[in-house]
Amino acid sequence: METSDPKAIRRAVWSGSIPCKILLDPGESRVFDASDPYYVIIPRIAYLPFFAERVCSFFRPFVIDPEVAKPESAWFEFESVPMKWHWPVGLLYDLFTGRDPAANNVEEDDEHLLPWTLIVHFRDYPTKYLMRLEGPATCHDSWMNTVKEADHVRNGSAKAVMSLSKAESTKLWDSLQSHDFDQFWSVNDKLVSVQARNIPLRLYIPSAPRVVQQPVPPNLPSQEPQTVGTALRTLLPELFPSQRVAVLARPVVHGVVVAMNTPLLELMREAVYPDGFLHISLAMMS
Amino acid sequence: MPDLQNFPFISTEEFAGGCVRLGERLKREGIGEVMLSHEMGGVYGLIVRREFVACSESDGHESEDEDEEVQNGGAVEEEEDEELPILYFNLYPPASSAQIPASLQQVYENLTSAATRDVLKSVGIQGAISQTDHPVLGVPYYFVHPCNTAAAMGEWQQRRQDGGEGMEDFTAEKYLTVWVGVVGGAVGLFLPSECMV
């Protein structure tokens, strides 16, 4: 059946979101654990720093020391783990809740009821584990570095990104922050639709978590298309002994289990994150 | 050791070979060592060098005239289909036995000279130095943007040729020595003259 909108998948990816409930660390609160929670719906493709200002403003009346409540000092924790602000929120949710979207066990699913509950801190920024936020430009800089890296993986150089005009480059970042699909893809399409030498892919294994990044060509030596299954079997053979069937773990992209026979190049073109990478988290099968 | 095929670029194999040779030289001089590892489709050479530098407090507070110790660990990395090495490094202020990385401002103030600081800060969105999660170690590390490496190495080559020297015998080991000076020099990392090839 023909899709009426060739951008349907990209739009679906763009519109995915995680309802979040943010609590203030009771130790930093004048009213201990009685401060209001902050409810916010965060797009899966967005980043926590985009919301830091709002969170700060909301909690400033409740913090013991309002001087400390600055966006650059805010860090978010889920189940005692500091959340990396340079990872997309959807990836953080999928990886750290560890939910298996294909699990049949309804009771297990109850553990991961939405809204996703995070605790915000303004003190004791864990600089050993979390990159610093020097200011609003840091998030932009970090994202841009990832965009360049993805370009390099695709083309062997970051020339395509480096040769974007200032207007185009600004448009990419601004439209990501304002969540404007048409503006964003008006620039991004030409970056992503190339004949890629390698697919910018990052795999996230829960617990540690461990990040695996290795160049993966769009076709196998046999000229058959590289699939999600063949890539996983090559990169993580101990977790993916079969390239056709998920046995120990399932690949999850944007909260959805991806079929092992999905061609990787197509998946990249449709489900790529705005930073240019296909971030795939693994859900361990029970 | 064979000459580089495609200066100012360096292939993974050339890089690995250069690291081994450089490591042998560093060890002979008792300066440090290079630990080579192959991970995630790339080659990583970790230069371990500890240098204690006395510098004054730079944050404007009233201070006793204590000497601070800064510790530099240099990690050099190249990814498989990248043709240029990337320099990863960290700076640990004193009294941080827990190895907590310095702020970007501290990096600029402690590792860069006044001459280079403005240039470094003027490129990109917030300068030529950024933080990232180290691809192997997984913790925050600073790195120098590789965008200008090819041009910087090209400029070095031009000056050399202007000075009447050619590129014969330009091995991967020489490349790394020059590269550490060119890119590393911007952040205060350099190989002592005993190591010059």
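For the stretch A:193-286, the C-alpha radius of gyration sits at 0.99 times the compact-globule guess of 2.2 N^0.38 Å, with N the residue count. Backbone geometry of the stretch B:135-146 corresponds, through the Karplus equation with coefficients 6.51, -1.76 and 1.60 at θ = phi - 60°, to 3J(HN,Hα) couplings of x, 9, 6, x, 10, x, 9, 8, 8, 9, 3, x Hz, x marking Gly and Pro. Put the Cα centre of the stretch A:121-161 next to the Cα centre of the stretch B:116-177 and the gap is 19 Å.
Please compute the average number of Cβ atoms from other chains found within 10 Å of each residue's Cβ in peptide B:101-114.
Working: counts 4, 2, 3, 5, 2, 0, 0, 0, 0, 0, 0, 0, 0, 0.
What the average comes to for B:101-114 is 1.
Once backbone amide H atoms are built at 1.01 Å from N, A:Val63 has A:Arg30 as its partners under 5 Å, excluding neighbours fewer than 5 places away on the same chain.
Shown in residue order for the stretch B:149-160 are the 3J(HN,Hα) couplings computed by the Karplus curve 6.51 cos²θ - 1.76 cosθ + 1.60 at θ = phi - 60°: 4, 4, 5, 5, 5, x, 5, 4, 4, 4, 4, 5 Hz (x for Gly and Pro).
Close amide H partners of A:Ala196, meaning residues 5 or more places away or on another chain with modelled amide H under 5 Å apart, do not exist here. Applying a threshold of 27 Å to the alpha-carbon distances of A:Lys21/A:Lys171; A:Lys21/A:Lys84; A:Lys7/A:Lys171 flags A:Lys21/A:Lys171 as lying beyond it. Projecting the Cα atoms of A:Thr97, A:Ile64, A:Ser17 onto the charge dipole of the stretch A:8-131, computed from C-beta unit charges around the Cα centre, puts A:Ser17 farthest toward the positive end.
Spin-label pair B:Val123-B:Glu165: with each label point 7 Å from Cα along the Cα-Cβ axis, the two points sit 2.3 nm from one another.
The length gained by stretching the chain between A:Glu238 and A:Ser193 to full extension, at 0.36 nm per residue less their Cα-Cα distance, is 13.0 nm.
Counting only Cβ charges, +1 for Lys and Arg and -1 for Asp and Glu, the dipole size of chain A around its Cα centre is about 920 debye.
Model label sites at A:Glu53 and B:Gln106, defined 7 Å from Cα along the beta-carbon direction, differ in position by 2.9 nm. Charging the Cβ of each Asp and Glu at -1 and of each Lys and Arg at +1, and nothing else, the dipole of the stretch A:137-192 about its Cα centre rounds to 240 debye. Residues in the stretch A:228-245 carry Karplus couplings, in order, of 4, x, 5, 5, 5, 5, 6, 7, 9, x, 6, 9, 10, x, 10, 8, 10, 10 Hz; the curve used is 6.51 cos²θ - 1.76 cosθ + 1.60 with θ = phi - 60°, and Gly or Pro positions show x.
Just so you know, all these numbers are worked out from the coordinates, no wet-lab data involved. Everything numeric in this text was worked out from a predicted model, so none of it was measured. Reconstructed Cβ throughout: ideal geometry from the backbone, glycine too, with neighbour counts over all protein chains shown.
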